[in-house]
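Please read through the structure below; I'll follow up with questions.
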Amino acid sequence: MKISIGDVVLPGDYCEEISQVAEKSKVIIGPGLRKEVDRVYITKPGVLKKRNPGTFWVDSYQKRYVPSRGENVIGVVVQKAGDIFRVEIGGSITAALSYLSFEGATKKNRPEVQVGDVVYAKMLVASKDMEPELVCVDSHGKKGRLGVLSDGFVFKCSLNLIRKILNPNCPLLETLKNEWPFEVAAGMNGRIWIKANSMRETIAVGNAILGAEYLNDEEIRSMCNNIAAILAGHVS
């Protein structure tokens with residue numbers, strides 16, 4: 001069935017608007033879309049979204065992560081096999097991470113990565129015909145914020161919540177950072193890593209993130225203020 005931006009879509013539907021935009025400018029199709037010949041088809045149920053100038057994707061509720069190229073994910077190293085680390089990312093199979101995929105890594109200068117370490121990596125290869133492959137450097141060979149995440153606290157959440165807190169219009173992280181300092185890494189595979197000055201503050205940030213899933217912007221600000229008041233000792 002032919003659909004438009006903002007419609008509730010089902011697998012098999014197609015959107016001619018995406019094809020028309022692609023004729024004039026570059027288009028990026030995200031999760032839930034697949035190009036077949038001259039049409040772009042829907043591959044999972046949800047709401048068709050667009051971000052200007054030409055990014056399209058399907059916003060859907062799901063628990064199982066399906067790897068998508070270019071996404072940042074949080075994984076756990078479960079095995080070292082020769083020159084490859086096997087990383088569990090919550091998908092159907094583990095992902096491969098080469099020791100050369102770290103900044104400054106050579107055959108003589110190997111990165112210090114052990115089984116059980118938590119890594120923040122970018123999805124380099126994501127195909128239904130190939131195993132996922134990760135890297136811990138950007139296109140310039142720099143690690144940036146990628147790499148092994150030391151200390152901190154990791155927890156799981158829905159993929160919808162990840163997309164919500166990463167939305168620039170979401171006030172959650174902006175409000176929390178005004179209350180106390182902390183570090184956070186959000187993986188598109190439904191995992192979040194947090195590190196604050198104390199365990200109490202770390203747990204407070206985690207509870208705030210989990211509690212924000214079904215709240216609107218005003219309710220999120222109110223919740224953050226209440227948590228900050230409790231931590232400051234103003235509320236028992």
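Kindly provide the helix-only [θ] at 222 nm of the chain, computed as the sum of -39,500 (n - 2.57) over DSSP H runs of four or more divided by all residues, to the nearest 500 deg cm²/dmol? Walk me through the numbers on the way to the answer.
Values: 5 runs with 50 residues, N = 236.
Counting only the DSSP helices, I get -6000 deg cm²/dmol.
Specify the residue with the greatest mean-square fluctuation among Ser222, Ser25, Ser158, computed from a Gaussian network of the chain linking alpha-carbon atoms under 10 Å apart.
Ranking Ser222, Ser25, Ser158 by mean-square fluctuation puts Ser25 first.
Taking only the alpha carbons of the chain, what extent do you get along each of the three principal axes, in Å, biggest first?
Result for the chain: principal-axis Cα extents of 59, 53, 29 Å.
Show me the three semi-axes of the equivalent ellipsoid for segment 72-149, from the C-alpha gyration tensor (sqrt of 5 times each eigenvalue), largest first, rounded to whole Å. Write out the running numbers ahead of the final one.
Numbers: eigenvalues 64, 40, 28 Å².
The equivalent ellipsoid of segment 72-149 has semi-axes of 18, 14, 12 Å.
Another question, then. What FRET efficiency, computed as 1/(1 + (r/R0)^6) with R0 = 41 Å and r the Cβ-Cβ distance, is obtained for Lys107 and Glu174, rounded to the nearest 0.05?
Calculated value: 0.40.
Then there's this: Using Cα-Cα distances under 8 Å and only pairs 6 or more residues apart, what relative contact order does segment 72-149 have, in percent? Intermediate results must be reported in sequence, preceding the final value.
Numbers: 161 pairs, mean separation 23.6, N = 78.
With pairs under 8 Å counted, the relative contact order is 30 percent.
Positive end of the charge dipole of the chain (Lys, Arg +1 and Asp, Glu -1 on Cβ, about the Cα centre): tell me which of Val118, Pro132, Ala105 has its Cα farthest that way.
Ala105
Another question, if that's okay. Would you list the membrane-span-like helices of the chain, meaning whole DSSP H runs whose alpha-carbon atoms span at least 15 Å along their axis and whose mean Kyte-Doolittle value is at least 0.0? Kindly include the intermediate steps, with their values, before the conclusion.
Details: long enough: 199-211 (18 Å, 0.73); 217-232 (23 Å, 0.27).
Both cut-offs are met by 199-211, 217-232.
With respect to the cross-link table entries Lys35/Lys128; Lys26/Lys143; Lys2/Lys49; Lys50/Lys128; Lys63/Lys195, which display a Cα-Cα separation exceeding 22 Å?
In this structure, Lys26/Lys143; Lys50/Lys128; Lys63/Lys195 exceed 22 Å between Cα atoms.
Here's another thing I want to ask about it. On the Cα set of segment 8-59, report Rg and Dmax in Å, please.
Reported Rg and Dmax, both Å: 9.9, 28.
In percent, what relative contact order does the chain have, based on Cα pairs under 8 Å that are 6 or more apart in sequence? Kindly include the intermediate steps, with their values, before the conclusion.
Numbers: 442 pairs, mean separation 32.8, N = 236.
Result for the chain is 14 percent.
Given the convex hull over the Cα atoms of segment 20-137, what projected area results after averaging over all orientations, in nm²? Can you show the working numbers first?
On the way: hull surface 36.6 nm².
If you wrap the Cα atoms of segment 20-137 in a convex hull and average its projections, you get 9.1 nm².
Every number in this text was worked out from the coordinates using simple rules, so none of it is lab data. For clarity, every value in this text was computed on a predicted model and none was experimentally measured. Neighbour counts run over all protein chains shown; Cβ positions are idealised from the backbone, glycine included.
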